[in-house]
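Worksheet: one structure, shown below.
Throughout, read-outs are computed from the coordinates displayed, never taken from laboratory work. What you see is a predicted model, and the numbers here were worked out from it, not measured in a lab. All Cβ positions, glycine included, derive from the backbone under ideal geometry; neighbour counts span all protein chains shown.
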Amino acid sequence: MDLYLWNSHLTMKEVQETVAYQILENKAELSPSDRALLEKAESQRSLAYAPYSHFHVGSALRLADGTIIVGSNQENASFPVGICGERVALFAAGAQYPDQPVDTIAISVASEEEDLAPAAAPCGMCRQAIAEYEVRHQRPIRLILGGETSTIYLMESASQLLPLAFDASFLQRKKD
Ligand code: THU
């Protein structure tokens with residue numbers, strides 16, 4: 001991807017990036033292992049601590065060696081202290097299996113305020129955390145997104161959700 005100076009009218013060039021994902025009608029279209037992972041994420045929704053938002057997020061991730069790690073959103077009366085379900089699982093994986101790349105993350109949402117909550121994409125902070133995990137292990141992370149409706153979103157690399165991402169390379173620049 002080319003990064004251009006946006007204020008340079010002499011060399012201005014338009015860059016477009018696309019996000020590719022599949023929309024599946026239901027779980028039957030998933031492979032057996034992806035389906036099991038999504039069902040694991042669904043089962044984690046009931047363990048969310050979400051007394052403020054009433055929005056329950058369960059996640060289950062599969063490491064390259066097949067280990068499954070789970071998480072759910074954990075809120076706090078001081079709202080910013082709370083952590084999203086996918087980051088609970090991702091950081092647990094980093095803490096317990098630092099050398100294992102993450103292969104796939106399944107995320108499933110449900111709301112106490114809505115009868116059938118549709119699948120939701122990860123928030124910006126989670127996109128940043130997942131993107132860094134891809135860089136760290138030099139391996140794309142697949143995402144499976146589900147909700148209470150049957151529709152499922154599938155993408156092959158989570159970093160597509162964060163174009164022009166900030167990463168460690170920006171911290172390593174030195175003065176001449
Ligand atoms: N939440 C997640 O767990 N993951 C996301 O990607 C979006 C939001 C949680 C945070 C909070 O506990 C609740 O959903 C409402 O924002």
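Worth a mention:
- Of the trypsin sites (Lys or Arg not before Pro) in region 130-176, those whose Cβ has at most 13 other Cβ within 10 Å and which sit in DSSP loop: Arg173, Lys174, Lys175
- Set of lysines near Lys40 by C-alpha distance (under 19 Å), chain-local residues within fewer than 8 positions excluded: Lys27
- Aspartates and glutamates whose Cα lies under 13 Å from that of Lys13, excluding same-chain neighbours fewer than 8 positions away: Asp2
- Using a simple spin-label model with pseudo-atoms 7 Å out from Cα toward Cβ, Asp99 and Met12 lie 5.2 nm apart.
- Span per principal axis, largest first, for the Cα atoms of the chain (Å): 54, 35, 33
- Spin-label model distance (nm) - Ala64 vs Gln138, 7 Å beyond Cα toward Cβ: 0.9
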